[in-house]
Amino acid sequence: MKIAVMGAGGVGGYLGGKLAAAGGDVAFIARGAHLEAMRSEGLRICGVENLYIADVQATDTPVEIGIVDTILFCVKQYDTAVAAKAIAPMVGANTSVLTLQNGIESVRNVGALVGSEAMLGGAAYFPANITAPGEITYYGKFAAQPHLVFGEPGGGDSERVRALLAAFHSADIEVEGCADTDLMLWEKFLLVAGTSATTGVTRCTFGAVCEDADMRWLMREAVAETEKVGRGTGIAFGTDIVDQVMARIEASPSDGKASLLVDLENGRRLELDGLSGAVVKIGRKLGIPTPIHSTIYAALKPFRVGQSDS
C-alpha cells in the first residue's frame, strides 16, 4: 500500500513515521525547515516512543509522488482548501483520503474538493507536536482509546477500511473501525474543543488543568456546552458522554498540550474558528447559548492569526 501524508506535523509525522519504520511505502508532504530537516537528516520520533527513520521520502510538491492508495490528510483546518486542491495529483480512481483533522466538518469540506467517494472519516487520540525541525514528540495516547478510529462516512464495512486497518496494525498503531463516523467525530470534537479552549486560555497542560478545581470546572463546562450543541444537531450521544470525555482527559498524558496551545506558544495561526468558534457558530444557528466558548473565543481571538500574520 502506497501512503501519502499530507501535513507531517504531530499527528501525520507520528503515524507516517511509524508506518515507514515498519517498512511501509510512505511519502510526506511538508514545508519549510521541517521538510528540509526530514530530507537531510531523516525523521525522529521521541518522547514515549523513540524511532529514527533515516531515509525519508519528503517533498512539498505532491505531483512528484503520483497516485497513491491512501492519503492521510492531517493539515490544520485553515489550510484545508489549499491542501485539498494540492493533493489532486495523488488522487486516482481508487484512492482513499482519510481525514484526521480537528473539528467536525473535514469530511464534507475535503470531499467537496476531491470527491466525496474518496473520503474516510477519522479521529486521532494522541497528543504529538513538532518540537524541532525533523522531530516529533509523542506524549502517548489517551487512556482507553486507540491511536485512531475511522470508517466509511455513513457507516458500513468496506475492503478499503479493512486494508488500511491491517496497514496500521502492522505498524503497531492501535486502531479501530467505526460504524458511525458522525457520532465518532462529534465525540472527538467534545474532547478537542474542551481541551483546546481550556489549555489555550489558561496556557496550562492537561495535567495542570485537571489538578486545579477551577480550571477543571472550566474544562467540564466547555465539554458540556459542546455536547448540548451536538445534541442540537441530532447527534445521539450516550447519557454519560461528558463523564466519559472528562475521564479520558484526566487519564491522558499529564504533560500533553492541545495543539492550539502549542501554536499559541509559538506565535502561529490558531484553529480557533473551527473549535470554539464552530461551537459558537452552530449554537447561535440553533439558538443554544454558548457562554463558555463565546468567552474563550473572544479571549483568544486577538491571537488567532499568529504573530507572523499580524
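List every residue pair whose Cβ atoms lie under 7 Å apart, where the two residues are 6 or more positions apart in sequence or sit on different chains, the first residue falls within segment 51-64 and is in contact (Cβ under 8 Å) with a residue 12 or more places away in the chain, and the second residue, located anywhere, is loosely packed, with under 13 Cβ neighbours inside 10 Å.
These pairs meet every condition: Asp60/Arg31.
Determine which single condition His169 fails, assuming it passes every other condition in (1) in contact (Cβ under 8 Å) with a residue 12 or more places away in the chain; (2) within 26 Å of Gly7 (Cα to Cα); (3) not aromatic (Phe, Trp, Tyr).
(1)
Just one of (1) assigned to a helix (DSSP H, G or I); (2) touching a Gly at 6+ places or on another chain (Cβ under 7 Å); (3) not aromatic (Phe, Trp, Tyr) trips up Lys18, so point out which.
(2)
Among (1) touching a Gly at 6+ places or on another chain (Cβ under 7 Å); (2) farther than 23 Å from Gly156 by Cα; (3) surrounded by 22 or more Cβ atoms within 10 Å (Cβ to Cβ); (4) modelled with pLDDT of 95 or more, there is one condition Leu98 misses while meeting the rest; what is its number?
(2)
Residues to consider are Gly151, Gly156, Gly121; find the one that is assigned by TED's automatic domain parsing to the domain that holds Ala8, out of contact with any Asp or Glu (no Cβ under 7 Å at 6 or more places or on another chain) and in contact (Cβ under 8 Å) with a residue 60 or more places away in the chain.
Numbers: Gly151 fails: in contact (Cβ under 8 Å) with a residue 60 or more places away in the chain; Gly156 fails: in contact (Cβ under 8 Å) with a residue 60 or more places away in the chain.
Criteria check complete, one pass: Gly121.
Can we say Ala144 is closer than 29 Å to Ala236 by Cα, surrounded by fewer than 22 Cβ atoms within 10 Å (Cβ to Cβ) and of a type in the set (A, V, I, L, M, F, W, C)?
On the way: closer than 29 Å to Ala236 by Cα: yes; surrounded by fewer than 22 Cβ atoms within 10 Å (Cβ to Cβ): yes; of a type in the set (A, V, I, L, M, F, W, C): yes.
It is true that Ala144 is closer than 29 Å to Ala236 by Cα, surrounded by fewer than 22 Cβ atoms within 10 Å (Cβ to Cβ) and of a type in the set (A, V, I, L, M, F, W, C).
Residue-by-condition table, conditions (1) among the aliphatic types (A, V, I, L, M); (2) surrounded by fewer than 21 Cβ atoms within 10 Å (Cβ to Cβ); (3) touching a Pro at 6+ places or on another chain (Cβ under 6 Å):
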| residue | (1), (2), (3) |
| --- | --- |
| Glu135 | no, yes, no |
| Phe168 | no, no, no |
| Thr181 | no, no, yes |
| Met184 | yes, yes, no |
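Check segment 56-67 and report whether any residue there is within 23 Å of Pro127 (Cα to Cα), buried (at least 22 other Cβ atoms within 10 Å of the Cβ) and of a type outside the set (Gly, Ala, Ser).
Checked against the condition, which is being within 23 Å of Pro127 (Cα to Cα), buried (at least 22 other Cβ atoms within 10 Å of the Cβ) and of a type outside the set (Gly, Ala, Ser), segment 56-67 yields at least one hit.
Considering only residues that are of a type in the set (Asp, Glu) and either within 17 Å of the chain's Cα centre (by Cα) or under 30 Å from Gly207 (Cα atoms) (or both), which ones fall in segment 127-181? Outline the logic, then answer.
First, pick out the residues of segment 127-181 that are of a type in the set (Asp, Glu): 135, 152, 157, 159, 172, 174, 176, 180.
If the condition is that a residue be of a type in the set (Asp, Glu) and either within 17 Å of the chain's Cα centre (by Cα) or under 30 Å from Gly207 (Cα atoms) (or both), then Glu135, Asp172, Glu174, Glu176 are the ones that fit.
The values are calculated or read from the model by the stated rules, or taken from the named source; none is laboratory data. Only a predicted model underlies this, so the values are computations on that prediction, with no experimental measurement involved. Every residue, glycine among them, receives a Cβ derived from its backbone with ideal geometry; neighbour counts consider all protein chains shown.
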